[in-house]
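Asker: What follows is a single structure, and I will ask about it in a moment.
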Amino acid sequence: MYDIVVADARAPRDGRFIEKLGTFNPNSDPAQVVLATDKAVDWLLKGAQPTDTARSILHHEGVMLRKHLQVGVIKGAISQDVADTRFEEWKQSKEDRKTAAADVKTQKQDAEKESKLAAERKVNQARLEAITKKNTPPAEEAATEEAGEEAAADEATEEQAAE
C-alpha cells in the first residue's frame, strides 16, 4: 500500500512531505485508490509535477482531465458549467466501462466454473461406468448361468409333465 503525497523535489524519497493526498493499494482487484481529487487539482494548478506512476494514477482517476478543463476555464476558452458537464460525462462513461469490464470478468469466471463442473461430471461418469463394469459379471458367465437356469427349468417342466 502506498501513500500519494506532495513533496519537495529536494526531499528524500521516503522523507518529509508537504501534504498527503491519498493512498494506492495495487494488491486488490481492481486496484484501490483513495484520493482527494480537489487537493490534487489544486496542487497541479500550482505547478506540481507528478512522477510517472503518480501521473498514471491521477489520469486514471480523472484529475488530469479536471486540471486540463480548469486551465481552459482560467484562460476563458470555456465556462465552468461546460467544464463540469464534460467532466461528468467522462466520469459516467468511465463508470460504464468499469461496469462492462466487471460483467465480462464475471461471465468469464462463470464460464470457467461451468467448464470445470462439466469436466468433473465426465470424470464422475467414467468412474461410475468403471465401478458398474467391475461389479457386473462378464457376459459369458451370465450367459452360462442363464443357460443353466433354463436347463433346470426345462427339467422341472419335463418332470411335471411326466407325472
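The values are calculated or read from the model by the stated rules, or taken from the named source; none is laboratory data. Just so it is clear, the structure is predicted and the values come from calculations on it, not from any experiment. The protein model used for the area step is the full one, side chains on, heavy atoms only, and it has no ligands, DNA or RNA in it. Shrake-Rupley method; radii C 1.70, N 1.55, O 1.52, S 1.80 Å.
Asker: For LEU21, enumerate residues with amide H under 5 Å from its amide H, sequence gap 5+ or separate chain, H modeled in the peptide plane.
Answerer: For LEU21, the qualifying residues are ILE4, VAL5, VAL6.
Asker: Right, another one. For the stretch 11-53, take every pair of Cα atoms, bin their distances at 5 Å starting from 0, and report each bin as a whole percent.
Answerer: 5, 17, 22, 28, 18, 8, 2
Asker: Using the Karplus equation 6.51 cos²θ - 1.76 cosθ + 1.60 (θ = phi - 60°), what ³J(HN,Hα) coupling, rounded to whole Hz, does each residue of the stretch 70-79 give in order, writing x for Gly and Pro?
Answerer: 5, 5, x, 5, 4, 6, x, 6, 9, 8
Asker: Taking a cut-off of 17 Å, what percent of all Cα-Cα pairs in the stretch 1-108 are separated by more than that?
Answerer: Value for the stretch 1-108 (Cα pairs over 17 Å): 61 percent.
Asker: May I pose another question? Using θ = phi - 60° and the Karplus form 6.51 cos²θ - 1.76 cosθ + 1.60, what ³J(HN,Hα) does each residue of the stretch 126-137 get, whole Hz, x for Gly and Pro?
Answerer: 4, 4, 4, 5, 5, 5, 4, 5, 5, 7, 8, x
Asker: Round to a whole number: what % of the accessible area of the stretch 1-152 belongs to carbon and sulfur, probe 1.4 Å? Each step should come with its number before you reach the end.
Answerer: Details: 6360 of 11950 Å².
C and S atoms contribute 53 percent here.
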